[in-house]
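Since every read-out is calculated from the coordinates, none of them should be taken as a lab result. Not measured: the values here are computed from a predicted model. Here the Cβ positions follow ideal geometry from the backbone for every residue, glycine too, while neighbour counts run over all protein chains shown.
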Amino acid sequence: MFVDSKEYSTDVRDILHSSGKAQSALHEQAGRLRDAHFGKKIFIRGVVEASNYCRQNCNYCGMRRDNKDLNRYRLSLETLLDLVLHHRPSSITDINIQAGEDPIVVREVVIPLVKEIKRQTSLGISVCLGTLSNREYIELRQAGAEYYILKIESGDEAHYRHIQAPGTLARRVEAIKHLATTGWKVSSGLIIGLPDQTEDHILRTLELLSHLPLAGWSVSPFIAGDQTPFGSHQNGNLEQTLNSLVAMRLMHPDRIIPAVSAMGIVGQNGYTRAIRAGANLATINLTPPEMRENYLLYKRDRLIMNEQRVLKSIEEAGCQPSRTSLAQYLAETQLTTKVA
Ligand code: 5AD
């Protein structure tokens, strides 16, 4: 697999292995490519975690249905609307509504919430709610949500089964294509350092994601999660994660790539280095602290990115917050990727 850009043609495998001076040069190159396509502007979204009920049973995630030791919650429409309308930092231009795979919260809370946010603000709306029915996708889109985040985590079929990611890889990929052809801008992504993941798995995953009709993609290091079957494994490696991000920026200079808080858990400065290396989206957590601890993606003591931390990282990376929302930007930009 090769990356082609005007100044560059490098094997992705070499990028993943890069270290020292060669690595610094690649990271700077990726940062410049982001600058060329987006300027030094970083989109800032707020995330609310509406429910931690989940019907999936992923081996890496603390919200898996077999985790009986988790206090499950659903936030009310009033609570969420109050958070978004009255308690969001001014730097936020978009809201990401996230939950375990919980169709009940989608129907009862998220769809009405999206409508109200659209009625009362100019915020863009992203959702990360898992695989739902076509009817739910349509209702969310009609309510005004624009960006659907549906990760594949691993693009190797056998490995996908091994980690017990949702459904099958083939169905996940079909869902991504379906969303992209029904009016959504779609983001997907992978986790680096999952148990028993090989370098070939990572390359295959990047290749698969590269050919999907995506407006954005993400990479997160694996964090060995509390109360999960993978809890005793090693965390993912920060350098490999950042190198993947660099490869992703070089492969698709025009895609949205987030910096994720897990990067700040597995190493010093991970979040700022991600922005330097070409990420262009940051996330501020708006979930109330007493609920947040039960939104168990991996650890109870996860690194919470508040506005101050996010703005500091953006500044340290030599960038500025975007005043254009992600949704507005995407609406004005035509997707160039062909459906595989
Ligand atoms: N390590 C890293 N990321 C994880 N997620 C869930 N569990 C883990 C983990 N153990 C990520 C997945 C999911 C997102 C919401 O959190 O990418 O899509």
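For the pair Glu108 and Lys312, the difference between a 0.36 nm per residue extended length and the Cα-Cα distance amounts to 69.8 nm. Label zone (Ser122, point 7 Å along Cα-to-C-beta; backbone nitrogen cut-off 12 Å) within the range 243-262: none.
Kirkwood radius for the range 115-163, taken over all pairs of different Cα atoms as the inverse mean of 1/r, rounds to 12.7 Å.
Extending 7 Å from Cα along the Cβ direction at Arg55 and again at Ala331 yields two label points whose distance is 3.2 nm. The alpha-carbon atoms of the chain define a convex hull whose volume equals 121 cubic angstrom per residue. What is the distance, in nm, between label points placed 7 Å from the Cα along the Cα-to-Cβ direction at Asp200 and at Arg32? With each label placed 7 Å out from Cα toward Cβ, I get 3.6 nm.
When the trypsin sites (Lys or Arg not before Pro) in the range 5-105 are filtered for DSSP coil states and for at most 11 other beta-carbon atoms within 10 Å of their beta-carbon, the remaining sites are Lys6, Lys68.
The length gained on full extension between Glu136 and Asn294, counted as 0.36 nm times the residue separation minus their Cα-Cα distance, comes to 54.3 nm. Only one residue of Thr324, Gln234, Ala279 has its Cα farthest out toward the positive end of the dipole of the range 195-340, where Lys and Arg carry +1 and Asp and Glu -1 on Cβ, and that residue is Thr324.
Counting only cysteine Cβ atoms and a cutoff under 4.7 Å, the chain contains unmatched residues Cys54, Cys128, Cys319. Under 13 Å Cα-Cα from Lys299, which aspartates and glutamates qualify once same-chain neighbours fewer than 8 residues away are excluded? Candidates past the 8-residue exclusion: Asp226. Too long at a 18 Å Cα-Cα cut-off: which of Lys41/Lys312; Lys41/Lys185; Lys40/Lys118; Lys68/Lys151; Lys21/Lys41? Beyond 18 Å: Lys41/Lys185; Lys40/Lys118; Lys68/Lys151; Lys21/Lys41. All Cα-Cα distances of the range 192-299, cut into 5 Å bins from zero to the largest, leave 2, 12, 20, 21, 21, 15, 7, 2, 0 percent in each bin in turn.
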